[in-house]
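J.: Take this structure first; my questions come after.
Throughout, read-outs are computed from the coordinates displayed, never taken from laboratory work. Since the model is a prediction, treat every value here as computed from it, not as a measurement. All Cβ positions, even for glycine, are placed from backbone atoms using ideal geometry, and neighbour counts span all protein chains on display.
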Amino acid sequence: MDERSHARESASQVRPVPRHDWLSLKWRDYAALTIQRDSYFENIRRAGAFESRRLLGRIGTKIDRDEFTFLPPQVVNAYFQSSANQIVFLAAILQPPFFDPAADDAVNYGGIGVVIGHEITHGFDDRGRLYDADGNMADWWTEADAAQFKARAQKLVDEFNTFEALPGLHVNGELTLSENIADLGGLAVAYDALQLSLASQPPAPKIDGLRPSSASSSPTASSGGPSTGRARCSGR
Ligand SMILES: [Zn+2]
């Protein structure tokens with residue numbers, strides 16, 4: 001399979017986990033973890049040991065694609081898990097201002113659309129690209145394309161290195177690269193998806209005086225939707 005076909009296959013095999021599905025996933029069994037009221041420090045220590053044992057116990061085993069991982073559903077967040085090629089949207093993010101079934105398309109594409117694009121793009125960021133469509137760590141890139149990827153990613157690293165969070169304290173473009181690639185990719189994907197959607201509909205009315213393509217990227221448009229590109233997730 002050539003690289004382009006592989007990328008398409010990888011994207012098509014991304015498994016979304018919608019909110020109605022999480023109850024059917026396997027929840028972690030904490031029966032072996034002891035939590036007591038006497039010592040906060042001891043609770044932390046035991047939780048750390050429990051987690052270490054759990055992770056070590058997975059060595060040599062297969063990925064459990066039905067395991068519910070990371071975050072509880074009431075957290076406003078989403079994530080991509082490369083080892084399962086899976087994107088997960090927690091229940092709390094599937095509501096306004098990120099998603100509102102009654103809102104205009106532009107608002108939803110500019111909200112949850114960007115988040116969905118962000119998580120899919122994680123599958124092809126500097127870390128996600130190291131995994132294949134089945135979630136296995138495998139190098140499926142040609143040398144030429146990998147070199148192109150690194151050269152273009154470096155531009156993003158360089159740009160973010162120039163951002164000063166506080167006087168004299170700069171963003172580390174290398175450390176933030178995967179999120180920055182996902183933000184940029186998510187915004188582009190959501191914008192393209194909105195254009196495709198609008199093309200098959202009658203001309204959309206303006207929202208707060210803005211055309212839908214502008215409203216989708218405006219944090220103040222319509223129902224006060226989220227600013228695009230601000231989603232931060234705990235993808236791996
Ligand atoms: Zn992310």
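J.: Over 17 Å, how big is the tail of the calculated P(r) for the range 53-190, in percent of all Cα pairs?
T.: 69 percent
J.: For the range 175-192, what does the Karplus curve 6.51 cos²θ - 1.76 cosθ + 1.60, with θ = phi - 60°, yield as ³J(HN,Hα) per residue in whole Hz, taken in order and with x for Gly and Pro?
T.: Computed from phi, the couplings for the range 175-192 are 5, 9, 4, 4, 5, 6, 5, 5, 4, 5, x, x, 5, 5, 5, 5, 5, 4 Hz.
J.: Nearest 0.05, what FRET efficiency do Leu55 and Ala102 give at R0 = 35 Å with Cβ-Cβ as r?
T.: Given R0 = 35 Å and the Cβ-Cβ separation, E is 0.20.
J.: Still on this structure: So how far apart, in nm, are the two label points at Asn172 and Ala31 if each is 7 Å from Cα heading toward Cβ?
T.: 4.1 nm
J.: Residue by residue through the range 99-108, which ³J(HN,Hα) values in whole Hz follow from phi under the Karplus form 6.51 cos²θ - 1.76 cosθ + 1.60 (θ = phi - 60°), with glycine and proline marked x?
T.: Taking θ as phi minus 60°, the curve returns 9, 9, x, 8, 7, 5, 3, 4, 5, 6 Hz for the range 99-108.
J.: Moving on. Quote to one decimal, in nm, the extra length available between Leu130 and Ala204 on full extension: 0.36 nm per residue of separation minus the C-alpha distance between them.
T.: Computed gain between Leu130 and Ala204 is 22.6 nm.
J.: Would you mind calculating the gained length between Val76 and Ala146 on full extension (0.36 nm times residue separation, minus the Cα-Cα distance), in nm to one decimal?
T.: Extra length from Val76 to Ala146 when fully extended: 21.8 nm.
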